[in-house]
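Data first, discussion second: the structure below is written as structure tokens.
Values in this text are rule-based calculations from the coordinates and carry no lab data. Only a predicted model underlies this, so the values are computations on that prediction, with no experimental measurement involved. Here Cβ is always computed from backbone atoms with ideal geometry, including for glycine, and neighbour counts include all displayed protein chains.
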Amino acid sequence: MSTDLGASTDLAASTDLAASTGLDRWETLDAKHQPPWDPVELAAVRAELSAVPPLVFAGEVDLLRSRLAQAAAGHAFVLQAGDCAETFAGATADGIRARLRTILQMAVTLTYAASTPVVKIGRMAGQFAKPRSSDVETRDDVTLPVYRGDAVNGFAFTPEARAVDPYRLVRAYNTSTATLNLVRAFTTGGDADLREVHTWNSGFAASTGSVRYERLATEIERAIGFMGAAGADFEAIRTVEFFSSHEALLLPYEAALTRTDSRTGRPYDTSAHMLWIGERTRGLDDAHVDLLSRVRNPVGVKLGPTTTVDQAMGYVEKLDPDREPGRLTFISRMGAGAIRDVLPGLVSGVEAAGGQVLWTCDPMHGNTISSPSGYKTRRFDDVIDEVRGFFEVHAALGTVPGGLHVELTGDDVTEILGGHGKILDADLATRYDSLCDPRLNHQQSLEMAFLVAEMLQQR
Ligand code: PEP
Ligand code: MN
């Protein structure tokens, strides 16, 4: 996020404008997974959030759209990554820095292997709400409302914590602000120095004792040496672009942060650079698709294994009627067992029907299992296999495998089975911190980057 993108964004989105551009149409449509807020309290919160400063600027959003257009054309590769669900308590300097460093480390490896820029997008600074399969949770004989993310209610299993509270939306905004502020400081203040990030990667490769990883780290070392010898100014590239994103789940929040860009008079959702629509809220005629069809941000749609070409083209027509490069990303999340069967028909069908989208791979959400000991987990090998399938499918079709969408943390958690550290079912209890889906830990994330680097080099 360069700081010289001075596009201003009007702070007050007038109700007249909202009505005239259909920005309030979603309120008349079916909106799935909205919490049962008190309407009076919610109205007060919406009024408050309508007056707060934007989190991102329109010019930055436009820049990301152009970066995603490059990725769709095969001239860049996207890495979108972060927590399944951020928490207010997790927004510490150490936690944010560890996540950011993990993403930057992965990006260096992927940049080298892809020989193209890597577009870095955090599932960060706003990923505070979750769709849930049940409205309630029962433990022993007690049934309470389900935890829906820190933007909605608390995780503790008590009636007080689980009560939904719209004022948490304000706290989600404030926590996003603090997170993004730190991210901007780290990514522009020299914490992203290529040479230093590479040194961390070399340390990781050496710690695994893996000949393959060490060979790649050595190759990158030599490339950096070559850059220096050829006169590259490392000081000048200490600033990296980093964008924010989250699932646009809670529509009153997204609507309150939607503002008119004073340059163009067009609406931008200023809660993040990119927003995506989840697998459970992607009803074509529903509220989520409608609201996002009216903002200028790049939009993603998660596509599970039941997605039809007609549905996918419905999203193209609604969300990208002008076929604008970088506007629409399809994030496939098929599962390792399904991707090779399901993705080819979808990609070729969309291509044949004239859709021009960026295809990225979420290898997490189609591979969630319950371990024998009862943890919600994923197998590292399944995650990698889905990515491999994604590359195979696009290679066979001659289309562009444009990026990855992953759930990870910078900490040494034990939430996903396998990887070089060989996490077993019995190890999951050691440090299972996630309040929602299991995430790759720091090591597993770097390992994934090294494995995907090999796939990129074989493209
Ligand atoms: C998620 O990204 O955390 C999520 C819930 O994904 P999906 O909508 O693909 O199930
Ligand atoms: Mn998740």
Practice problem: Return the distance in nm (one decimal) between the two label points of a simple spin-label model at Asp24 and Leu397, each offset 7 Å from Cα along Cα→Cβ. | Solution: 4.1
Quiz item: Can you give the Rg and Dmax of the stretch 198-249 based on its C-alpha atoms, in angstrom?
Solution: 15.6, 49
Quiz prompt | Rg [Å, one decimal], Dmax [Å, integer] - the stretch 78-181, C-alpha atoms | solution = 16.9, 57
Self-check item: Fraction of the pair-distance distribution of the stretch 200-351 above 23 Å, Cα-Cα pairs, percent
Solution: 56
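To the nearest 0.05, how large is the calculated FRET efficiency for Arg263 and Val211 if R₀ is 51 Å and r is the Cβ-Cβ distance? Before the final figure, lay out the partial values.
Working: r = 53 Å, r/R0 = 1.04.
Plugging the Cβ-Cβ distance into 1/(1 + (r/R0)^6) gives 0.45.
Dividing the convex hull volume of the Cα atoms of the stretch 273-352 by its residue count, what figure in Å³ per residue is obtained?
Convex hull of Cα atoms, per residue: 91 Å³.
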Exercise. Go through the chain and flag any cysteine with no other cysteine's C-beta closer than 4.7 Å, please.
Key: Cys361
Quiz item: In which sequence would Tyr167, Tyr253, Tyr173 go, from the one with the fewest C-beta neighbours within 10 Å to the one with the most?
Solution: Tyr167, Tyr173, Tyr253
Quiz item: How high is the FRET efficiency between Phe155 and Ala178 when r is their beta carbon distance and R₀ equals 25 Å, given to the nearest 0.05?
Solution: 0.80
Self-check item: Potential extension, Lys376-Ala51 segment - 0.36 nm per residue separation minus Cα distance
Solution: 113.0 nm
Quiz prompt | For the stretch 106-151 and the stretch 286-318, distance of Cα centres in Å | solution = 19
Quiz item: For Ser66, Ser176, what's the fewest-to-most ordering of other Cβ within 10 Å of each Cβ?
Solution: Ser66, Ser176
Practice problem: Could you work out how far the C-alpha centroid of the stretch 22-88 sits from that of the stretch 406-444, in angstrom? | Solution: 28
Quiz item: Looking at the chain, do any whole DSSP H helices span at least 18 angstrom along their long axis by alpha carbon and average -0.5 or above on Kyte-Doolittle, and which?
Solution: 58-72, 93-114, 168-188, 194-208, 211-229, 339-352, 380-397, 442-457
Quiz item: Roughly how many nanometres apart are two label points built 7 Å out from the Cα toward the Cβ at Glu219 and Arg323?
Solution: 3.6
Quiz item: Over the stretch 334-449, with a single point scatterer placed on each C-alpha, what log10 of the ratio I(q)/I(0) does the Debye formula yield at q = 0.14, 0.15, 0.19 1/Å?
Solution: -0.59, -0.66, -0.92
Exercise. Please arrange Asp412, Asp83, Asp191 by counting, for each residue, the other beta carbons lying within 10 Å of its beta carbon, fewest first.
Key: Asp412, Asp191, Asp83
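Can you divide the C-alpha Rg of the chain by 2.2 N^0.38 Å and report the result to two decimal places? Walk me through the numbers on the way to the answer.
Numbers: Rg = 21.3 Å, N = 459, 2.2 N^0.38 = 22.6 Å.
Rg over 2.2 N^0.38 Å, computed on Cα atoms: 0.94.
From the helices alone, meaning DSSP H stretches of at least four residues, give me the mean residue ellipticity at 222 nm for the chain, per-run term -39500 (n - 2.57), in deg cm²/dmol to the nearest 500.
Working: 14 runs with 185 residues, N = 459.
Calculated mean residue ellipticity at 222 nm is -13000 deg cm²/dmol.
Over 23 Å, how big is the tail of the calculated P(r) for the stretch 117-226, in percent of all Cα pairs? Show your work: numbers first, answer last.
Working: 3364 of 5995 pairs.
Distances greater than 23 Å cover 56 percent of the Cα pairs.
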Exercise. State the extension gain, in nm to one decimal, for the chain segment bounded by Phe88 and Arg139, taking 0.36 nm per residue of separation less the distance between their alpha-carbons.
Key: 15.9 nm
